[in-house]
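**Q** Supplied in C-alpha coordinates, the structure appears directly below.
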Amino acid sequence: MNTSDVAESGLTIKVYREKGSCTLSLDDLPSITPSDDELLWVDLCGTPTHQVEQVWRVLKLNPASLPNAPISTNPRLEKFADHFMARVVAVLRGKGLKFQGAVLTVLAGPNFVVTHHDDDIAFLADLREREPESARDIGCLGEASFVAALLDWHLSTYFSAVALFEVEIERLESRILSDQPPGRSALPELATLRAAASRLRRMLAPHRAVFDGLSRPDFVPDGAEDVARHLRDLDDRFERALDVVENARELVVGSFQLFSTQTELQTNERMKLLTFVTVVTGLLAVIAGALGMNFDANFFGMKTEGFWIAVGIMAGLGAASIVVGRRRGWL
(Lines give C-alpha, C1' and ligand atoms only; values in the text may rest on other atoms or scores of the structure.)
Protein backbone atom coordinates (compact mmCIF):
# COMPACT_ATOMS: atom_id res chain seq x y z
CA MET A 1 0.00 0.00 0.00
CA ASN A 2 1.52 3.31 -1.08
CA THR A 3 0.97 6.76 0.39
CA SER A 4 -1.80 7.69 -2.07
CA ASP A 5 -3.67 4.49 -1.19
CA VAL A 6 -3.39 5.40 2.49
CA ALA A 7 -4.82 8.86 1.81
CA GLU A 8 -7.69 7.51 -0.26
CA SER A 9 -8.69 4.92 2.34
CA GLY A 10 -8.60 7.46 5.17
CA LEU A 11 -5.92 5.48 6.98
CA THR A 12 -2.89 7.23 8.49
CA ILE A 13 -0.20 5.42 10.48
CA LYS A 14 2.60 7.42 12.07
CA VAL A 15 5.42 6.62 14.43
CA TYR A 16 6.59 9.59 16.50
CA ARG A 17 10.08 9.57 17.89
CA GLU A 18 12.62 12.16 19.06
CA LYS A 19 14.24 12.40 15.64
CA GLY A 20 10.93 12.97 13.92
CA SER A 21 7.95 11.00 12.75
CA CYS A 22 7.53 8.67 9.84
CA THR A 23 4.45 7.50 7.96
CA LEU A 24 3.86 3.80 7.46
CA SER A 25 1.45 1.62 5.53
CA LEU A 26 -1.00 -0.91 6.90
CA ASP A 27 1.28 -3.72 5.70
CA ASP A 28 4.06 -2.35 7.94
CA LEU A 29 1.87 -2.32 11.06
CA PRO A 30 2.46 -5.96 12.17
CA SER A 31 6.21 -5.43 12.22
CA ILE A 32 6.05 -2.28 14.38
CA THR A 33 6.67 -2.57 18.13
CA PRO A 34 7.07 0.99 19.46
CA SER A 35 9.51 1.44 22.31
CA ASP A 36 8.95 3.60 25.39
CA ASP A 37 10.44 6.65 23.64
CA GLU A 38 8.21 6.16 20.58
CA LEU A 39 4.49 6.54 20.02
CA LEU A 40 2.43 4.83 17.33
CA TRP A 41 -0.66 6.68 16.12
CA VAL A 42 -3.19 5.07 13.82
CA ASP A 43 -5.90 7.42 12.50
CA LEU A 44 -8.93 5.87 10.81
CA CYS A 45 -11.04 8.48 9.04
CA GLY A 46 -13.93 6.86 7.20
CA THR A 47 -11.72 3.82 6.69
CA PRO A 48 -13.33 0.70 5.17
CA THR A 49 -14.55 -1.83 7.73
CA HIS A 50 -12.16 -4.60 6.71
CA GLN A 51 -9.14 -2.34 7.29
CA VAL A 52 -10.50 -1.22 10.66
CA GLU A 53 -10.90 -4.87 11.68
CA GLN A 54 -7.36 -5.57 10.47
CA VAL A 55 -5.98 -2.80 12.70
CA TRP A 56 -7.93 -4.24 15.65
CA ARG A 57 -6.47 -7.70 15.04
CA VAL A 58 -2.87 -6.51 14.62
CA LEU A 59 -2.96 -4.39 17.80
CA LYS A 60 -4.92 -7.10 19.67
CA LEU A 61 -7.68 -4.69 20.69
CA ASN A 62 -10.77 -5.94 22.46
CA PRO A 63 -13.52 -6.70 19.88
CA ALA A 64 -16.03 -5.03 22.20
CA SER A 65 -14.42 -1.68 21.39
CA LEU A 66 -14.79 -2.15 17.63
CA PRO A 67 -16.84 0.80 16.27
CA ASN A 68 -19.52 -1.13 14.43
CA ALA A 69 -22.17 0.81 12.50
CA PRO A 70 -24.34 2.45 13.58
CA ILE A 71 -21.91 4.00 16.03
CA SER A 72 -23.47 5.16 19.28
CA THR A 73 -23.26 8.88 19.93
CA ASN A 74 -23.24 8.45 23.71
CA PRO A 75 -19.87 9.36 25.27
CA ARG A 76 -18.27 6.33 26.87
CA LEU A 77 -15.15 5.37 28.81
CA GLU A 78 -14.12 1.75 29.22
CA LYS A 79 -10.95 0.11 30.47
CA PHE A 80 -9.79 -3.27 29.20
CA ALA A 81 -6.92 -5.53 30.27
CA ASP A 82 -4.09 -3.67 28.55
CA HIS A 83 -5.79 -0.68 26.90
CA PHE A 84 -8.69 1.72 27.35
CA MET A 85 -11.26 3.35 25.12
CA ALA A 86 -12.87 6.80 25.21
CA ARG A 87 -15.70 7.78 22.90
CA VAL A 88 -16.46 11.50 22.60
CA VAL A 89 -18.38 13.81 20.28
CA ALA A 90 -16.60 16.78 18.69
CA VAL A 91 -18.37 19.79 17.21
CA LEU A 92 -18.54 20.28 13.47
CA ARG A 93 -19.86 23.61 12.30
CA GLY A 94 -22.76 23.33 9.89
CA LYS A 95 -24.54 26.08 8.00
CA GLY A 96 -25.12 29.05 10.25
CA LEU A 97 -25.30 27.87 13.85
CA LYS A 98 -26.47 24.35 13.07
CA PHE A 99 -23.74 22.54 14.95
CA GLN A 100 -23.24 18.88 14.11
CA GLY A 101 -21.53 16.18 16.14
CA ALA A 102 -18.67 13.97 14.98
CA VAL A 103 -18.14 10.78 16.98
CA LEU A 104 -14.48 10.21 17.84
CA THR A 105 -13.35 6.88 19.33
CA VAL A 106 -9.91 6.88 20.95
CA LEU A 107 -8.14 3.71 22.06
CA ALA A 108 -4.80 3.69 23.84
CA GLY A 109 -2.47 0.90 24.87
CA PRO A 110 1.26 0.47 25.51
CA ASN A 111 2.91 3.16 23.34
CA PHE A 112 0.09 3.31 20.78
CA VAL A 113 -3.08 5.33 20.18
CA VAL A 114 -5.85 4.61 17.67
CA THR A 115 -8.44 7.19 16.63
CA HIS A 116 -11.53 6.30 14.64
CA HIS A 117 -14.03 8.76 13.15
CA ASP A 118 -16.31 8.79 10.11
CA ASP A 119 -16.20 12.59 9.63
CA ASP A 120 -12.94 14.44 9.25
CA ILE A 121 -12.18 16.58 12.29
CA ALA A 122 -10.09 19.72 11.89
CA PHE A 123 -7.60 19.19 14.74
CA LEU A 124 -6.87 15.62 13.62
CA ALA A 125 -6.37 16.81 10.04
CA ASP A 126 -3.93 19.44 11.30
CA LEU A 127 -2.07 16.81 13.30
CA ARG A 128 -1.80 14.51 10.28
CA GLU A 129 -0.32 17.33 8.18
CA ARG A 130 2.31 18.42 10.70
CA GLU A 131 5.90 18.37 9.58
CA PRO A 132 8.08 15.71 11.24
CA GLU A 133 10.24 18.31 12.97
CA SER A 134 7.24 20.05 14.56
CA ALA A 135 5.69 16.74 15.67
CA ARG A 136 8.72 15.01 17.15
CA ASP A 137 7.83 16.08 20.73
CA ILE A 138 4.76 13.84 20.52
CA GLY A 139 7.12 10.87 20.72
CA CYS A 140 8.04 11.99 24.24
CA LEU A 141 4.43 11.61 25.36
CA GLY A 142 2.98 8.43 26.75
CA GLU A 143 -0.23 7.10 25.27
CA ALA A 144 -2.37 8.52 28.11
CA SER A 145 -0.82 11.99 27.79
CA PHE A 146 -1.36 11.91 24.03
CA VAL A 147 -5.01 10.97 24.61
CA ALA A 148 -5.25 13.89 27.05
CA ALA A 149 -3.93 16.20 24.31
CA LEU A 150 -6.44 14.82 21.80
CA LEU A 151 -9.34 15.27 24.22
CA ASP A 152 -8.14 18.77 25.02
CA TRP A 153 -8.31 19.60 21.29
CA HIS A 154 -11.73 17.97 21.27
CA LEU A 155 -12.90 20.39 23.98
CA SER A 156 -11.47 23.24 21.91
CA THR A 157 -14.14 22.52 19.29
CA TYR A 158 -16.75 23.53 21.88
CA PHE A 159 -14.85 26.70 22.78
CA SER A 160 -14.67 27.58 19.08
CA ALA A 161 -18.38 26.91 18.64
CA VAL A 162 -19.21 29.19 21.57
CA ALA A 163 -16.95 31.90 20.08
CA LEU A 164 -18.98 31.78 16.84
CA PHE A 165 -22.14 31.83 18.91
CA GLU A 166 -21.01 34.96 20.78
CA VAL A 167 -20.29 36.73 17.49
CA GLU A 168 -23.87 36.10 16.36
CA ILE A 169 -25.19 37.30 19.73
CA GLU A 170 -23.22 40.55 19.42
CA ARG A 171 -24.50 41.12 15.88
CA LEU A 172 -28.10 40.62 16.97
CA GLU A 173 -27.75 42.90 19.99
CA SER A 174 -26.20 45.61 17.80
CA ARG A 175 -29.24 45.38 15.53
CA ILE A 176 -31.61 45.50 18.50
CA LEU A 177 -29.92 48.67 19.80
CA SER A 178 -29.69 50.33 16.38
CA ASP A 179 -31.75 53.30 15.22
CA GLN A 180 -33.89 50.87 13.20
CA PRO A 181 -34.33 47.84 15.47
CA PRO A 182 -35.43 44.55 13.84
CA GLY A 183 -38.70 44.38 15.75
CA ARG A 184 -40.43 41.01 15.84
CA SER A 185 -38.10 39.71 13.13
CA ALA A 186 -35.51 39.22 15.89
CA LEU A 187 -37.62 36.49 17.49
CA PRO A 188 -36.72 33.78 14.93
CA GLU A 189 -33.03 34.63 15.37
CA LEU A 190 -33.37 34.39 19.13
CA ALA A 191 -35.06 31.01 18.70
CA THR A 192 -32.19 29.84 16.48
CA LEU A 193 -29.62 31.01 19.03
CA ARG A 194 -31.51 29.29 21.83
CA ALA A 195 -31.62 26.04 19.86
CA ALA A 196 -27.87 26.27 19.12
CA ALA A 197 -27.01 26.84 22.79
CA SER A 198 -29.21 23.94 23.87
CA ARG A 199 -27.63 21.74 21.20
CA LEU A 200 -24.13 22.45 22.51
CA ARG A 201 -25.28 21.80 26.07
CA ARG A 202 -26.81 18.44 25.14
CA MET A 203 -23.68 17.44 23.24
CA LEU A 204 -21.19 18.37 25.97
CA ALA A 205 -22.93 17.48 29.24
CA PRO A 206 -22.89 13.66 28.76
CA HIS A 207 -19.07 13.79 28.54
CA ARG A 208 -18.90 14.19 32.31
CA ALA A 209 -18.73 10.40 32.69
CA VAL A 210 -15.67 10.31 30.41
CA PHE A 211 -13.68 13.15 31.96
CA ASP A 212 -14.57 12.28 35.55
CA GLY A 213 -13.55 8.68 34.86
CA LEU A 214 -10.20 9.71 33.39
CA SER A 215 -9.40 11.80 36.46
CA ARG A 216 -10.12 9.00 38.98
CA PRO A 217 -7.06 7.80 40.94
CA ASP A 218 -7.65 4.18 39.93
CA PHE A 219 -7.51 4.97 36.21
CA VAL A 220 -3.76 5.66 36.05
CA PRO A 221 -1.23 3.21 37.53
CA ASP A 222 0.75 4.29 40.60
CA GLY A 223 3.86 6.26 39.85
CA ALA A 224 2.48 8.01 36.77
CA GLU A 225 1.91 11.30 38.54
CA ASP A 226 2.56 13.41 35.43
CA VAL A 227 -0.12 11.54 33.51
CA ALA A 228 -2.55 11.81 36.43
CA ARG A 229 -1.96 15.56 36.53
CA HIS A 230 -2.64 15.85 32.79
CA LEU A 231 -5.94 14.01 33.20
CA ARG A 232 -6.96 16.09 36.22
CA ASP A 233 -6.21 19.27 34.26
CA LEU A 234 -8.29 17.87 31.43
CA ASP A 235 -11.23 17.38 33.80
CA ASP A 236 -10.87 21.00 34.93
CA ARG A 237 -10.89 22.15 31.32
CA PHE A 238 -14.07 20.16 30.74
CA GLU A 239 -15.72 21.98 33.64
CA ARG A 240 -14.66 25.32 32.14
CA ALA A 241 -16.05 24.27 28.78
CA LEU A 242 -19.34 23.33 30.43
CA ASP A 243 -19.46 26.72 32.17
CA VAL A 244 -18.83 28.48 28.85
CA VAL A 245 -21.64 26.53 27.17
CA GLU A 246 -23.98 27.28 30.08
CA ASN A 247 -23.06 30.96 29.77
CA ALA A 248 -24.05 30.80 26.09
CA ARG A 249 -27.58 29.89 27.13
CA GLU A 250 -27.60 32.81 29.57
CA LEU A 251 -26.48 35.14 26.78
CA VAL A 252 -29.59 34.22 24.81
CA VAL A 253 -31.75 35.02 27.84
CA GLY A 254 -29.95 38.35 28.22
CA SER A 255 -30.48 39.14 24.52
CA PHE A 256 -34.17 38.37 24.87
CA GLN A 257 -34.41 40.70 27.88
CA LEU A 258 -32.63 43.38 25.85
CA PHE A 259 -35.10 42.78 23.02
CA SER A 260 -38.03 43.01 25.46
CA THR A 261 -36.69 46.24 26.97
CA GLN A 262 -36.16 47.77 23.54
CA THR A 263 -39.69 46.76 22.52
CA GLU A 264 -41.09 48.38 25.67
CA LEU A 265 -39.17 51.58 24.90
CA GLN A 266 -40.58 51.62 21.37
CA THR A 267 -44.08 51.07 22.77
CA ASN A 268 -43.59 53.92 25.23
CA GLU A 269 -42.49 56.23 22.42
CA ARG A 270 -45.58 55.32 20.41
CA MET A 271 -47.79 55.86 23.45
CA LYS A 272 -46.21 59.28 24.02
CA LEU A 273 -46.93 60.24 20.42
CA LEU A 274 -50.46 58.88 20.63
CA THR A 275 -51.10 60.76 23.89
CA PHE A 276 -49.75 63.98 22.45
CA VAL A 277 -51.90 63.66 19.32
CA THR A 278 -54.94 62.87 21.49
CA VAL A 279 -54.40 65.98 23.65
CA VAL A 280 -53.93 68.29 20.67
CA THR A 281 -56.92 66.80 18.84
CA GLY A 282 -59.03 67.11 21.98
CA LEU A 283 -58.05 70.77 22.35
CA LEU A 284 -59.03 71.49 18.76
CA ALA A 285 -62.29 69.60 19.30
CA VAL A 286 -63.04 71.84 22.27
CA ILE A 287 -62.53 74.93 20.14
CA ALA A 288 -64.67 73.47 17.34
CA GLY A 289 -67.34 72.57 19.88
CA ALA A 290 -67.35 76.07 21.35
CA LEU A 291 -67.73 77.57 17.90
CA GLY A 292 -70.63 75.24 17.24
CA MET A 293 -72.64 76.38 20.25
CA ASN A 294 -76.02 77.89 19.32
CA PHE A 295 -75.49 81.46 20.58
CA ASP A 296 -76.09 84.63 18.63
CA ALA A 297 -72.61 86.03 19.17
CA ASN A 298 -71.21 88.85 17.02
CA PHE A 299 -68.37 86.57 15.86
CA PHE A 300 -70.80 84.33 14.00
CA GLY A 301 -71.94 87.23 11.91
CA MET A 302 -68.59 87.22 10.10
CA LYS A 303 -69.74 84.17 8.12
CA THR A 304 -67.02 82.97 5.70
CA GLU A 305 -64.32 85.20 7.14
CA GLY A 306 -65.07 83.91 10.64
CA PHE A 307 -64.82 80.31 9.44
CA TRP A 308 -61.35 80.84 8.02
CA ILE A 309 -60.26 82.75 11.10
CA ALA A 310 -61.33 79.81 13.27
CA VAL A 311 -59.54 77.33 11.00
CA GLY A 312 -56.38 79.48 11.09
CA ILE A 313 -56.47 79.67 14.88
CA MET A 314 -56.81 75.87 15.19
CA ALA A 315 -54.05 75.29 12.62
CA GLY A 316 -51.76 77.72 14.42
CA LEU A 317 -52.52 76.10 17.75
CA GLY A 318 -51.72 72.67 16.28
CA ALA A 319 -48.44 73.92 14.77
CA ALA A 320 -47.45 75.58 18.05
CA SER A 321 -48.19 72.33 19.90
CA ILE A 322 -45.92 70.40 17.52
CA VAL A 323 -43.09 72.92 18.03
CA VAL A 324 -43.43 72.77 21.81
CA GLY A 325 -43.64 68.95 21.70
CA ARG A 326 -40.43 68.67 19.68
CA ARG A 327 -38.55 71.06 21.97
CA ARG A 328 -39.68 69.18 25.07
CA GLY A 329 -38.82 65.79 23.51
CA TRP A 330 -42.39 64.60 23.47
CA LEU A 331 -42.21 63.84 19.75
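The values are calculated or read from the model by the stated rules, or taken from the named source; none is laboratory data. Given the structure is predicted, the values throughout are model-derived calculations rather than measurements. In this analysis, Cβ positions are derived from the backbone assuming ideal geometry, glycine residues included, and neighbour counts consider all displayed protein chains.
**Q** Among 206, 188, which is in contact (Cβ under 8 Å) with a residue 24 or more places away in the chain and part of a helix (DSSP H, G or I)? Steps first, answer last, please.
**A** Working: 188 fails: in contact (Cβ under 8 Å) with a residue 24 or more places away in the chain.
Just a single option satisfies the conditions, and that option is 206.
**Q** Kindly evaluate residue 83 against the criterion of being modelled with pLDDT of 90 or more, in the same structural domain as residue 159 (by TED's automatic domain parsing) and not aliphatic (A, V, I, L, M).
**A** The answer is no for residue 83.
**Q** In a helix (DSSP H, G or I) and surrounded by 15 or more Cβ atoms within 10 Å (Cβ to Cβ), is that true of residue 226? Outline the logic, then answer.
**A** Working: in a helix (DSSP H, G or I): yes; surrounded by 15 or more Cβ atoms within 10 Å (Cβ to Cβ): no.
When the stated conditions are applied, residue 226 does not pass them.
**Q** Follow-up question, since we're still on this one. Determine whether residue 239 is in a helix (DSSP H, G or I), at pLDDT below 70 and not small (Gly, Ala, Ser). Give the steps one after another, and end with the answer.
**A** Numbers: in a helix (DSSP H, G or I): yes; at pLDDT below 70: no; not small (Gly, Ala, Ser): yes.
No.
**Q** Give region 72-100 a look and list any residue that's farther than 20 Å from residue 213 by Cβ and in contact (Cβ under 8 Å) with a residue 24 or more places away in the chain, or say none.
**A** Listed by number, the residues that qualify are 91, 92, 93, 96, 97, 98, 99.
**Q** Across region 65-103, what is the number of residues that are more than 33 Å from the chain's Cα centre (by Cα) and surrounded by fewer than 13 Cβ atoms within 10 Å (Cβ to Cβ)?
**A** 2
**Q** From the list 148, 144, 163, which one is under 30 Å from residue 194 (Cα atoms) and either surrounded by 14 or more Cβ atoms within 10 Å (Cβ to Cβ) or at pLDDT 90 or above (or both)? Walk me through it before giving the result.
**A** Values: 148 fails: under 30 Å from residue 194 (Cα atoms); 144 fails: under 30 Å from residue 194 (Cα atoms).
One residue alone meets the criteria, 163.
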